[in-house]
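Take a look at the structure below.
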Amino acid sequence: MSMEVSGNYKDYKNDYLERLQEEREKTKEIGKEQGAENKSESIPVPKDEYIRSELSGSKPSGMYRMGQDENGNPKVLYDDPKKAGGADYNGQPEVGADSPEKDAEKCTTNTDKVDREIKKLKEQKQQLEQQIKAASGDEEKVKELEKKLSQVEAELSQKDNDTYRRQNTVIS
């Protein structure tokens, strides 16, 4: 597949450029009429300008640099000026700097309640199995105990897993 570009780049019009030139011409005409006193009021030409941080009066907002993540892959790292003094340029903690462990909040998880509940269900299951063995002559009682046993086993299979433990963990 081939493509042709029809037209000439010189014919391309830039409305912004035309407006800027017209405004400059107008200011020149006005300047000639009013004299050379008002040259400072003409429209400034937009341009980028480097201002050193010492002269600007504002603190730098931070620095980005290339580094490596824990797997050795390239990564962009940000040095926050608010946290300056906590690490050197290589990301290593400085000697005598506050350790990040002091800033971290410690949380403990407790699964004792869930573990007690599961232990209680297992004991109940063992008791029902023993009662079924003991009541082997009475069929109605055996059916009733087997029904209770199946309910306990279903509840135990639902609760005796890591997902249930995580959902019902007490965090403090």
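Using R0 = 35 Å, the C-beta based FRET efficiency linking ASN168 and GLN126 works out to 0.90.
Using only the C-alpha atoms of region 109-171, find the volume of their convex hull and express it per residue in Å³. Mind dumping the intermediate values first?
Values: hull volume 3.6 nm³, N = 63.
Dividing the Cα hull volume of region 109-171 by its residue count gives 57 Å³.
Each of the peptides 140-152, 18-30 was scored by the mean count of other Cβ atoms within 10 Å over its residues; in descending order, highest first, they stand as 140-152, 18-30. Put a dot 7 Å past the Cα of GLU18, heading toward its Cβ, do the same for LEU77, and the two dots end up 5.3 nm apart. For the residue pairs LYS106/LYS159; LYS113/LYS143; LYS113/LYS147; LYS113/LYS148, alpha carbon separations beyond 30 Å are given by LYS113/LYS143.
Each reported figure results from applying straightforward, stated rules to the coordinates on display, with no laboratory input. Everything numeric in this text was worked out from a predicted model, so none of it was measured. All Cβ positions, even for glycine, are placed from backbone atoms using ideal geometry, and neighbour counts span all protein chains on display.
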